[in-house]
Each structure stands twice: as C-alpha cells, then as structure tokens.
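All of the numbers you see were taken from the coordinates with simple rules; none came from a lab. Predicted model, so just to flag it, every value in this text is computed and none were measured. Cβ: placed from backbone, ideal geometry, glycine included. Neighbour counts: every protein chain shown.
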C-alpha cells in the first residue's frame, strides 16, 4: 500500500465555503459538499499527487479512519488512486 | 439535506453554484410563456469584450457553470466565441435553445466541446401541443436540432419541458421522445414571469395535475427538474435537489444588458441587485442589499403556522410576486389549499425594446 499515489481528480472543482467546500464534477455534473476538515486537508494534500503513506502520516489520522476517508473520497471520484495527476495540457 | 447545510445555503454562498445568463433578448420565436418576454434585441446588450470579461469574473469566483439562455442565444454572432471562452476558463455551460439555428455544423462544433450541455426546449409531445405555446413550426425545428446533435455524436442532450395544463397528461410520451434521441428529460415549473404573466392562468397545471406531476416525477429521479417543484414537496418525499428558493442565495440572473436579478423569474426593478457595467459582479453578489435581505431568516408569514412550511418554505417568490400575491402569503399553487386570492398580476419590466427588428 505504501507506494500507492493519491491525486485529485482534475475534472472536479473545489470551492471553499463557510461550511467547508462545494465540489462540482464536470464529468458527471454532480454537485456535492465536503464538510469534514480532515477530508479537505486530504484533498489539498492530493492536489499535486501524494504517496498514500505520506498523506496518512501528514494527516495524523488513525489507519482505519484514514482508510474510510480515502474510500469515501474515492467513492465521490474526488480522489484518484494509483494515477499520476494530469496537467491542464493532458485534460 | 441536513438542517445545518440548508441553513448555510439559505445564508448565501461565497459565489453562486450557477447562474442564469440571458445572452440576448433577441428571439425568432415568441412563446406565450416566455419568462424574459423576449423577441427583439435590447439596446445596449453586452459587447463581445464585456461578455468575455464577465466569464473571467465568473471563473475567478469559482462559479461552476452558467445556464446560458435568452432570447435565443444562438442569435448572437459571437455565441460560440462566448461559450468556447467559458469552456477554456473551466466555467461549464448549460445552454438552452429552441433549436432553430442548431444545424449540422453547429451540432458538430458543440459535440467537440467539453463542459457544454445542450437543452432543447419542447413543450408538447407532438407538434400541435408544442406549437400552440411555442409557435408554428417550432416542434419540427427542435426535432431537427436533436437529430443534428445525434448525427454529430453529441452525448446526452436534454429536452427541456415547461409543465403546462396541456402536456402534463403526456409526460410518458415526452419521456419516450427524449429516449428516442438518447436525451435526458428535464421538466420545470411554469412561472407567471415575462409573457407568462398573461398566459399563466390558461397554461398552469390544475391542482390535480400538480399531484399527478409530483407522483410521476417521484418515481423518476433521473428526470431533471431544475429544483423548481419544491412548492409541491408537502405531497410526499421531496424530489432530488436542494428544494429551496435559491434566489440571491445560490443562484441569480444576469440579463443581456448586464443587469443582475435575484433569479431568472424576477426580471423586475424590485429584484435588481445591480449592473455589471457599474459594479463588478463579485461585489454585487457579496454586497447587494437585496441579496442580503433574501439571505436573511424570513420573518413571520401566513405560512409559519402551517405544518408543511418546513417542506415547501412557502413556495416560489417569483410565482407570488407576478401574481400579485404578498410574498409572506402561500404560493398560488399551494398544495395545502391555502393560496389566497391575488391582487392582480405584476408584469416584468425589462429594458425598452429596440424598434429595429433583429435578424
């Protein structure tokens, strides 16, 4: 697991709001919210791509909690697993 | 939606989720329920340069997408330049059209674009029903546009239907029509705005039809509704969506001359928050006194004591305003039977029309 990379889905826009952030997936036209500060920090860490283990350490989360968080954000398609982030030229 | 989130949305966002941008008041059709009373181009519509700058402002605010309408937006010669700039700035475009100018070449160009949704307006399952509202030949034009989109490989267009007394009985046929074009059906509420102030009484669904419509939509979560039927929420479980009035809170309208209004259905001086030629759009959104009022907790109303209030929130502000209903009174289509007799319609006022007909 240590070498798995997490990256932010380049098709999703994240906008800070008072309650956390609003997110919009341009591929699915899905609008959703993130309210958990931990999830927002993970999304920020993954902006330029990050090793899964590094992200876990940086967040200081319990392993089970971190796994749930990653699963939830992958399920929302916000996080991509094992793929390098794509630059704007590759979209 | 939980209560804290609903409260956060009601209090307004840092920027709209989306906004409606009427690109022009010019239109080749004259639909009897046109919410913007379109026909001729208005004097002083935004120039290409102003339109592109406005998109930059939307992008900087993180606005996810704009609902581009009109009028018929394709009547602007710079239509593609505008929407291609939006796509380049990652501002999504949901574009509403009557389809007249959506020929094979336009369909191909749209099919090659990212971030663009196309909604073709059709208000009846057949030409007779549709054309009675939208004008002779308009059904054929819309069908031709959808055919062109399909031939060009445009994926998942939308057919946008305004629910009226004459088409609610034919929702199954409309669903089948959409299916035949690989399209998603979108059904929204008829508002008594623009020319709709005059046609509302004749076109609005009956109380029974509203119940049938709600039941039909409840069993089809895939049908889009533009969040427009929250006034019917007391009839059952709320339909998918935010189910709240978003005016000045999560949406607004920019008209062809740059006036900013609370929502697409309130083109009237009472709901004008500013003009983008005088004040940057972001400042209007953040500092408008009108929007502050709309984001404030509502005061007591004649709906406060009703058990359904938490579900429908008193209904649509625009529907009340244009029917002369006090904004603190129930929606004119209140399903709890509490609608009060209106004082008379309030007609939308938009910039004086040019006497010169547009092409």
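Work out how much length residue B:283 to residue B:301 would gain on full extension: take 0.36 nm times their residue separation and subtract the Cα-Cα distance, in nm to one decimal. Before the final figure, lay out the partial values.
On the way: separation 18, 0.36 × 18 = 6.48 nm, distance 3.05 nm.
Here the segment from residue B:283 to residue B:301 would lengthen by 3.4 nm.
Taking 0.36 nm per residue of sequence separation and subtracting the Cα-Cα distance, how much length would be gained by fully extending the chain between residue B:59 and residue B:147, in nm to one decimal? Could you put the intermediate results ahead of the total?
Working: separation 88, 0.36 × 88 = 31.68 nm, distance 3.24 nm.
Full extension from residue B:59 to residue B:147 adds 28.4 nm.
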- Message: For a quick check: sort B:212, A:56 by the number of other beta carbons within 10 angstrom, fewest at the front.
- Response: B:212, A:56
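In deg cm²/dmol and to the nearest 500, what is the mean residue ellipticity at 222 nm of chain A if only DSSP H runs of at least 4 residues count, each as -39500 (n - 2.57), divided by the residue total?
Values: 3 runs with 30 residues, N = 91.
The per-residue figure over chain A is -9500 deg cm²/dmol.
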- Measure off 7 Å from each Cα along the Cα-to-Cβ vector at residue B:48 and residue B:198, then give the distance between these two points in nanometres to one decimal. 3.5
- Task: Calculate the length of the line joining the C-alpha centroid of segment B:85-157 to that of segment B:198-255, in whole Å.
- Result: 23
- Query: What order do you get for A:5, B:76, B:165 when you list them from fewest to most C-beta neighbours inside 10 Å?
  - Reply: B:165, A:5, B:76
- Note on the structure: Taking every residue of A:6-18, the Cβ atoms of other protein chains inside 10 Å of its Cβ average out to 3
- As a check on your grasp of the helix formula, calculate [θ] at 222 nm for chain B: sum -39500 (n - 2.57) over DSSP H runs of n ≥ 4, divide by the residue count, round to the nearest 500. -9000 deg cm²/dmol
- Message: Can you give the FRET efficiency to the nearest 0.05 for residue A:36 and residue B:140, using r as the Cβ-Cβ distance and R₀ = 45 Å?
- Response: 0.30
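Can you tell me, using C-alpha contacts under 8 Å and at least 6 residues apart, the relative contact order of segment A:4-84 as a whole percent? Don't skip to the answer; put the middle values down first.
Numbers: 110 pairs, mean separation 33.6, N = 81.
Relative contact order comes out at 42 percent.
What number, in percent, do you get for the relative contact order of chain B if the mean sequence gap of Cα pairs under 8 Å and at least 6 apart is divided by its residue count? Walk me through the numbers before you get to the answer.
Details: 729 pairs, mean separation 70.6, N = 359.
Relative contact order of chain B: 20 percent.
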- Inter-part gap, Cα centre of segment B:261-321 to Cα centre of segment A:1-60, in whole angstrom, is 33
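Using a/c under 1.5 as the rounded threshold, could you call the protein assembly as shown rounded, prolate or oblate? The axes a ≥ b ≥ c are square roots of the C-alpha gyration tensor eigenvalues, and prolate needs a/b larger than b/c, oblate otherwise.
On the way: a/c = 1.57, a/b = 1.33, b/c = 1.19.
Judged from the Cα gyration tensor, the protein assembly as shown comes out prolate (a/c at least 1.5, a/b above b/c).
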- Query: Using the 10 angstrom Cβ neighbour count as an exposure proxy, how do B:172, B:103 rank, fewest first?
  - Reply: B:172, B:103
- Note on the structure: The FRET efficiency for residue A:51 and residue A:72, from their Cβ-Cβ distance with R0 = 22 Å and rounded to 0.05, is 0.70
- Starting from the Cα gyration tensor of segment A:1-47, take the square roots of the eigenvalues, sort them a ≥ b ≥ c, and report rounded, prolate or oblate (rounded when a/c is under 1.5, otherwise prolate if a/b is larger than b/c, else oblate). oblate
- Residue separation times 0.36 nm, minus the C-alpha to C-alpha distance between residue B:173 and residue B:78: what's the value? 30.6 nm
